[in-house]
Amino acid sequence: MGVIKAAIGDGVLTFLWVLCSSCIGVSTYLISSSFGVVNEMASLFITTLIVFVIFLMFGFVGDALGGAGFNPTGNAAFYAAGLGHDSLLSAALRCPAQVAGAVAGSLAIMELMPKKYHHMLEGPALKVDVQAGAIAEGVLTFIITFMVFVVVLRGPRSALLKNLLLTMVTVPLVVAGSKYTGPSMNPANAFGWAYLSNTHNTWEHLYVYWISPFIGAILAAWIFRALFPPPVQQKPQKQKRN
């Protein structure tokens, strides 16, 4: 029952994530237009604030859903690092739930968003050759996963500071990867948008948006565990009887 509940929570959270994250570009445009902002750096600052609010909000929502997640590579990374409570069975159920939530979120946002803003709802798309795209997704996912481990497990206790640090890491990575793969750094999110364009069953999609990110995330988990091994718990010694 706990595994089913976790999978449902992941599906719901991923659905909400795709809905909200897809609106970042439109929200930035509307806020910038309302304030007459034409400076690219000012628009980037607005985007950063929106991402920070979304991260903060999803932290609370995820906790309310029992520790739900919206990224399959995150589940795999924590499992590879020996952290969390996932088993192979729970991981096998949570990933399809996240994919289903992403597909539902992509379909929903295309219906809810006015058509004049549809051109701002483009999901991750390969803009370079397949090999370069796979390397980009792998490297970006490695960096974001390693930094998530550092911030969440070794960073400040304050939720505000944690989310601020995650935002300051995520936004530059998204900007850096925008000329390569979108980027995604989230196979479920990429699948949701690829499903709309009927490219979800291609080798390019599997290689770039699934295989490479999983490799990057798992490598990040192993390296983090090697650099920051968990403390060894010493077994209490039994007192010898006289």
Simple label model, 7 Å out from Cα along Cβ direction - SER197 to MET57, nm: 2.6 nm
Relative packing of 30-40, 106-116, which averages over residues the other C-beta atoms within 10 Å, highest first: 106-116, 30-40
For the range 46-112, with every protein chain kept in place, what is the accessible area per residue (1.4 Å probe, Å²)? 47 Å²
For q = 0.26, 0.28 Å⁻¹, Debye-computed log10 I/I(0) when each Cα of the range 87-156 counts as one equal scatterer: -1.02, -1.04
Normalised by the residues of the chain, what does the relative contact order come to in percent, with Cα pairs under 8 Å and at least six apart? 29 percent
With no solvent and one equal point scatterer per Cα, compute the Debye intensity ratio I(q)/I(0) for the range 1-132 at 0.20, 0.22 Å⁻¹ and report its log10, rounded to two decimals. -1.17, -1.25
Against the longest alpha carbon principal axis of the chain, how many degrees, from 0 to 90 and to the nearest 10, is the axis of helix 2-21 turned? 30 degrees
Nearest 10 degrees, 0 to 90: helix 88-112 Cα axis against the chain principal axis: 20 degrees
Set of aspartates and glutamates with alpha-carbon distance to LYS127 below 17 Å, sequence-local pairs under 8 removed: GLU137, GLU204
Would you mind telling me the share, in percent, of accessible area of the range 1-137 contributed by carbon and sulfur at probe 1.4 angstrom? 71 percent
[x] 85, 39, 36; [y] 62, 41, 33; [z] 71, 39, 36: which one is Cα extents along the principal axes in Å as calculated from this entry? [x]
Pick from ALA104, ALA194, ALA132: which residue has the top mean-square fluctuation in a GNM of the chain where Cα pairs under 10 Å get a spring? ALA132
Relative contact order (percent) for the range 115-242, with alpha-carbon contacts under 8 angstrom and 6 or more residues of separation? 40 percent
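The values are calculated or read from the model by the stated rules, or taken from the named source; none is laboratory data. In this text, all values refer to a predicted model and were calculated from it rather than measured experimentally. Neighbour counts are summed over all protein chains in view; Cβ atoms, including those assigned to glycine, are modelled from backbone coordinates with ideal geometry. With ligands, DNA and RNA removed, areas are computed over all heavy atoms of the protein, side chains included. Shrake-Rupley method; radii C 1.70, N 1.55, O 1.52, S 1.80 Å.
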